[in-house]
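First up is the structure itself, then whatever we jot down about it.
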Amino acid sequence: MNNDKIVNQVLQTNVHSIFKTQKGNRPINKNHLDRLILSMKKKYLISPILVNEKMEVIDGQHRLQAQKELNLPTFYIKNKGYGIEETRILNQNTNNWSANNFMEAFCDLGMPEYMKYKKFQKKYKFNHQCTMNLLMGNNSSQNGNVYEIFKSGLFKVTSLKQATKIAESVLEIGEYYLGYKRRSFITAIQKAMSIEEYNHRYFLKKLKSQRTRMVDCTSWKQYLALMEDIYNYRTPKDKRIRLYI
C-alpha cells in the first residue's frame, strides 16, 4: 500500500521580484553564482528553492539569482515559520557556510560579540580558527568545540585585551619570520605567552640574531621546541626557560 502524501507543493513563477532577502543570510558568493549560471546555461534542472510565508529565501538564494539573471522560471516550496535559524541549520548540514559567512550573517543581525570579532579579524587578518581561539582565550589544540560555539551564535569575546597583546606580539615577529601567521605558530606564541617566565622582548632580541633558524614547523609543539632553543641560545643557565615539556 502506498502511504505517500502531498506535504508541500512545488510552485513556479517567472516573477523573481516576489522573493525577499533574509536578514542575516550570507552574502552572494560571485564564484558560486558564476558556476551555477554556467551549469544552468548547459542544462536547466528543476531544483526548488525554499521560502517562508514572507517569501524570504531560506535556502537557494544563489539559484534564485542565477535564474533571475538568465530569465529562467523559479520553482519554490513555501514553509511557514522558517527563519534565519533554519537557514543556518540547512547550510551547516550541507557544509555550504564558511566561518566568514557565519561572521557576516551574525554581524548583519547586529550581534555585538560578532561585531567585535569582525573588527579584530579585519585588523590582524589571522585565520578564523586562530581568531576564535585568541578571543576566547583558548590555547588548546582541540578546536572543534570553539567552532561549534561560533556557528551556533553563542560566541563570546572573553579575552580581548590578552588576544590583542598576543596578536601584536605575533606581528612583531613578522619582520624576522614570513610564516608568522601560520595557525600552528600563532598557537605556539599564545602558549609561550601564557608561561610566566617568557619574555617576548627578549625572544625578539634573540630571534633578530638567529632569524635563519626560525623555519616552518608542522605543529605548535615543534614551534615551541624551536623557540625554546632560540630563546636559550647563549643565555645564562639561570635565565633559561622551558617552553615545551
Just to be sure, is Thr212 β-branched (Val, Ile, Thr), out of contact with any strand residue (DSSP E or B) (no Cβ under 7 Å at 6 or more places or on another chain) and either part of a helix (DSSP H, G or I) or within 18 Å of Ile166 (Cβ to Cβ) (or both)? yes
Name, by its number, the condition in (1) touching a His at 6+ places or on another chain (Cβ under 7 Å); (2) farther than 30 Å from Ile189 by Cβ that does not hold for Gly81. (1)
Scanning segment 26-60 residue by residue, those polar (S, T, N, Q) and out of contact with any Lys or Arg (no Cβ under 9 Å at 6 or more places or on another chain) turn out to be Asn29, Asn31, Ser39
Condition broken by Ser152, with the remaining ones in (1) in contact with a helix residue (DSSP H, G or I) (Cβ under 8 Å, 6 or more places away or on another chain); (2) under 20 Å from Asn100 (Cα atoms); (3) of a type in the set (S, T, N, Q) satisfied: (1)
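Of these, Lys151, Lys181, Lys205, which one is basic (Lys, Arg), surrounded by 14 or more Cβ atoms within 10 Å (Cβ to Cβ) and at pLDDT 95 or above? Give the steps one after another, and end with the answer.
Numbers: Lys151 fails: at pLDDT 95 or above; Lys205 fails: surrounded by 14 or more Cβ atoms within 10 Å (Cβ to Cβ).
Going through Lys151, Lys181, Lys205 in turn, the sole match is Lys181.
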The number of residues in segment 89-104 that are in contact with a helix residue (DSSP H, G or I) (Cβ under 7 Å, 6 or more places away or on another chain), at pLDDT below 85 and surrounded by 17 or more Cβ atoms within 10 Å (Cβ to Cβ) is 1
Tell me, please, whether a residue that is under 30 Å from Ile84 (Cβ atoms) and surrounded by 15 or more Cβ atoms within 10 Å (Cβ to Cβ) can be found in segment 186-200. no
Tell me the strands (runs of 3 or more DSSP E) entirely within segment 1-87 that contain at least 2 residues that are open to solvent by 30 Å² or more (accessible area, probe 1.4 Å). 11-13, 74-78
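Can you tell which of Glu228, Glu197 is touching a Lys or Arg at 6+ places or on another chain (Cβ under 9 Å), modelled with pLDDT of 95 or more and not basic (Lys, Arg)?
That would be Glu228, the only listed residue that is touching a Lys or Arg at 6+ places or on another chain (Cβ under 9 Å), modelled with pLDDT of 95 or more and not basic (Lys, Arg).
The values are calculated or read from the model by the stated rules, or taken from the named source; none is laboratory data. From a predicted model like this one, the values you see are computed outputs, not experimental measurements. Virtual Cβ from ideal backbone geometry, glycine too; neighbours counted across all protein chains shown. SASA here: full protein model, heavy atoms, side chains in, ligands and nucleic acids out. Shrake-Rupley method; radii C 1.70, N 1.55, O 1.52, S 1.80 Å.
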